[in-house]
1. I'd like the full set of residues that are acidic (Asp, Glu), more than 21 Å from Asp179 (Cβ to Cβ) and open to solvent by less than 80 Å² (accessible area, probe 1.4 Å), limited to region 190-228.
2. If I ask for residues that are at pLDDT 95 or above and β-branched (Val, Ile, Thr), which ones from region 225-265 would you list?
3. Out of everything in region 210-265 that is under 27 Å from the mean Cα position of the chain (by Cα) and β-branched (Val, Ile, Thr), what residue ends up being nearest to Leu184 (Cα to Cα)?
4. Can you tell me which residue is surrounded by the most Cβ atoms within 10 Å (Cβ to Cβ) among those in region 1-35 that are assigned to a loop (DSSP other than H, G, I, E, B) and among the β-branched types (Val, Ile, Thr)?
5. So which residues in region 229-243 are open to solvent by 50 Å² or more (accessible area, probe 1.4 Å) and closer than 20 Å to Ile253 by Cβ, if there are any at all?
6. Taking the conditions exactly as written (at pLDDT below 95 and under 19 Å from the mean Cα position of the chain (by Cα)), does Arg21 satisfy them or not?
7. Restricting the search to region 133-147, which residues are under 11 Å from Leu6 (Cα atoms) and either out of contact with any Phe, Trp or Tyr (no Cβ under 6 Å at 6 or more places or on another chain) or crowded, with 17+ Cβ neighbours inside 10 Å (or both)?
8. For the list (1) more than 27 Å from Thr107 (Cβ to Cβ); (2) touching a helix residue (DSSP H, G or I) at 6+ places or on another chain (Cβ under 8 Å), I need the number of the one condition that Asn223 fails.
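The values are calculated or read from the model by the stated rules, or taken from the named source; none is laboratory data. This one's a predicted model, so the numbers in the text were calculated from it and none came from an experiment. Please note: Cβ atoms are built from the backbone with ideal geometry, for glycine as well, and neighbour counts cover all protein chains shown. Accessible surface is based on the protein model in full, side chains and every heavy atom, while ligands, DNA and RNA are left aside. Shrake-Rupley method; radii C 1.70, N 1.55, O 1.52, S 1.80 Å.
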Amino acid sequence: MNFWILGRVAAGSGDRLVHFRGGMQGALLMALLAAEGQILSTGTLITELWGDNPPDSVENALQAHVSRLRRKLQSIEPDRPTSRLVAQASGYRLLLDGAGVDAKVFTDALAAARAAVGVRPTEVAYRLREALALWQGPAFGGTAAGMTAEAAAVRLEESRIAALELLFDVELKLGCHTDIVPELTALVRVEAPNERLCEQLMVALYRCGRQSEALNVYQWMRNRMAEELGIDPSPMLRNHERAILAHDRELRIREDHLLLRQPVG
């Protein structure tokens, strides 16, 4: 059994695949997957599905949706002797024993990459790209409705950005600046204002001999931050502009560009 939440909400086993495109069963599955195998109380699930406007006989309504989701999951995995969706204590739990969840694969890969970044950079870059390829869109397809699923979506998005930042740090160290310029350019444009990605693009452009473009990227981000956030770039990003103007040695290919994140003394 596999579950997908990075860009779509789906469950499948073998040639059986079910997509959950909104609705109560989709919201219920999202909350249970966000709980990562832990029990969610009846009250929490009611809030996840109906917010502040539960229907009359809401516990009966919840039981009905649980039963429908349970039958759907059993139809995907007909040979499993017991249901994955079980009632326990004062709530419900999705048993994930033997199941794969793309979000768990992603977060485990990120943790492993962080642990190995100083000793196996080439492998780290490969594993991070492999993990990031699991993302086919926003977590839960951008349709997370309840607080449990929304909180999980925020955490996963933060982890995705962290993985991207780590990936480009590693690839800059490996001398891959030319290869990552197009990808970084697109990310800086479409993501929320992100100084780390902007910094990495500036370094990559400089190492490609495109100093003026690197400085233009800084000015563009400075204007964007002023318009959207009402703030100036951080000392870290300003330090990169200074380094580019001064042709700082840490900007040279295969030098440690991370030293530029330290405060100017």
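1. If we filter region 190-228 for residues that are acidic (Asp, Glu), which is where we start, we get 191, 195, 199, 213, 227-228.
Next, from what is left, pick out any that are more than 21 Å from Asp179 (Cβ to Cβ): 195, 227-228.
If the condition is that a residue be acidic (Asp, Glu), more than 21 Å from Asp179 (Cβ to Cβ) and open to solvent by less than 80 Å² (accessible area, probe 1.4 Å), then Glu195 is the only one that fits.
2. Ile231, Ile244
3. Here the answer is Val217.
4. Ranking the candidates gives Ile5 first.
5. Answer for region 229-243, where residues must be open to solvent by 50 Å² or more (accessible area, probe 1.4 Å) and closer than 20 Å to Ile253 by Cβ: just Arg242.
6. The answer is no for Arg21.
7. Step one: filter region 133-147 for residues under 11 Å from Leu6 (Cα atoms), giving 133-142.
Once the filter is applied, which keeps residues that are under 11 Å from Leu6 (Cα atoms) and either out of contact with any Phe, Trp or Tyr (no Cβ under 6 Å at 6 or more places or on another chain) or crowded, with 17+ Cβ neighbours inside 10 Å (or both), region 133-147 yields Ala133, Trp135, Gln136, Gly137, Pro138, Ala139, Phe140, Gly141, Gly142.
8. Asn223 satisfies all of (1) more than 27 Å from Thr107 (Cβ to Cβ); (2) touching a helix residue (DSSP H, G or I) at 6+ places or on another chain (Cβ under 8 Å) except (2).
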